[in-house]
Every structure is written in C-alpha cells, then in structure tokens.
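The structure under discussion appears below in the form of structure tokens.
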Amino acid sequence: MKNYLSPSILAADFWDLGEQVRAAERGGATYLHVDVMDGHFVPNLTMGVPLVKQLKKATSLPLDVHLMIANPLVQVPWFLKAGADIVTAHAETLYGEELHAFIAMAHDSGAKAGLSIKPKTPVEVLEPVIDELDLVLVMSVEPGFSGQSYIAGSEDKVAAVAAMARRHGSNPLIEVDGGINGETAGSVIEAGANVLVAGSAIYHTQLTVAAVTTADA
C-alpha cells in the first residue's frame, strides 16, 4: 500500500514560508497540510483564509485544510473559495444532517470532504457518513498545538476506522495527525493509515518524506 505525507506548515518557519513550501515539494510531499484554529473549538489561533489563498498561488500541491473551528458550515465556503482541495471538519462540531450538508458543500465545489475525530471521540460518529467521505482524520494528539507527543494506542482507532470502511465497502483515505515521526509512523500504517501528517518531524528535525512514508510494517 502506498503511503502519503502531508507536511503541516504549522511547524514551518513563517519568516521563510515560501522556501518551506518548496522544500516540502522537493521532498516528495503529496499534500500540504494547513491547520486552521479559531480560538474557540481549540484554544489556539492560527492561520485563515488569506493564507490559504496565498498558498494556492505558491504551490501545486493539493491543500489539505484541517478546520479546527466551531462553526464549519459557516466558514467552509470561504476556504473552498480560497482554494482548499480537501476540507476536513471535526465530527464533534456537526450533528445529524449537518454532517451530510458539510460533505455536500465540499463535493459541490469540487473538493474532497474529510471528517476528523479527537482522541476521545468514538469512531461510531463516522458511521452515518463513512460512505460519503473522501478522508477520515484520526487525531493522535489533542488538537490545538503543534509538537505534542503521540498518544499511545491511537493505532487502535485507525484500525477501527479501517474496519468500518471495509464493512461499508468504502475506501476513504485514512489520515493521522499528531506526534508522527520515524518511530510512530509504522504502527499507524500497519493499522490502515495511508496519509501521515507530520510537522515537527519534518520542519524541526529535517526528517525526510521517505523516512516517514516507507515505515511499513
């Protein structure tokens, strides 16, 4: 199974962001991960629509936009218009028909739709829409801050998502975000993940894309 890397620019040097993006391209990244935090759903406050617009002009990599925000149905259209290729909202912020509405909003614009779940959120919240999703993002840290350590056992949640997808005959990308590096990548890949988000491991230690994505068991 081929594995893909989505470097998180949250860990990049914003003083030289253009070069940091080019470094991701040269290193063989598949996507560019953009962490959007609103200071409400999570305590931190990060980048927004203007940066997504600029990134769209600066790279040919698909923009993998992770919305850690409290009101995705209001803001998703802004990010889609700005150029997001994948929009991932948190399942904890959407209820009932809102889940379907979010996915339809992304698909109607030509983008891919993803849902993310926090470490303590049961995978069962995904079941009503697993057939419609292009991507499931399993958080292996509590969302909100870069540089956290991987929560042991997160690979079990990845395996549960993969099993659910098989039962439904669906095949969403399974992405993992949080503490991913050369030591932790193997277990989540073995469990069924095929997209790895890495920030500190790429930008702070110069770990190569290949070192992360070839960590197959």
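The values are calculated or read from the model by the stated rules, or taken from the named source; none is laboratory data. Because the structure is predicted, anything quoted here is derived from the model rather than measured. Here the Cβ positions follow ideal geometry from the backbone for every residue, glycine too, while neighbour counts run over all protein chains shown. With ligands, DNA and RNA removed, areas are computed over all heavy atoms of the protein, side chains included. Shrake-Rupley method; radii C 1.70, N 1.55, O 1.52, S 1.80 Å.
For Glu127 and Tyr95, the difference between the fully extended length at 0.36 nm per residue and the C-alpha to C-alpha distance is 10.3 nm. For segment 9-95, the fraction of 1.4 Å probe accessible surface lying on carbon and sulfur atoms is 57 percent. For Ala163 and Glu19, the difference between the fully extended length at 0.36 nm per residue and the C-alpha to C-alpha distance is 47.9 nm. With each label modelled as a point 7 angstrom along the Cα→C-beta vector, the Asn171-Trp78 pair spans 3.6 nm.
With contacts taken as Cα pairs under 8 Å and at least 6 residues apart, the chain reaches a relative contact order of 21 percent. Put a dot 7 Å past the Cα of Val49, heading toward its Cβ, do the same for Asp108, and the two dots end up 1.7 nm apart.
Normalised per residue, the accessible area of the chain is 43 Å², obtained with a 1.4 Å probe and no contribution from ligands, DNA or RNA. Sorting 153-161, 107-115 by average packing, meaning the other beta carbons within 10 Å per residue, from highest down gives 153-161, 107-115.
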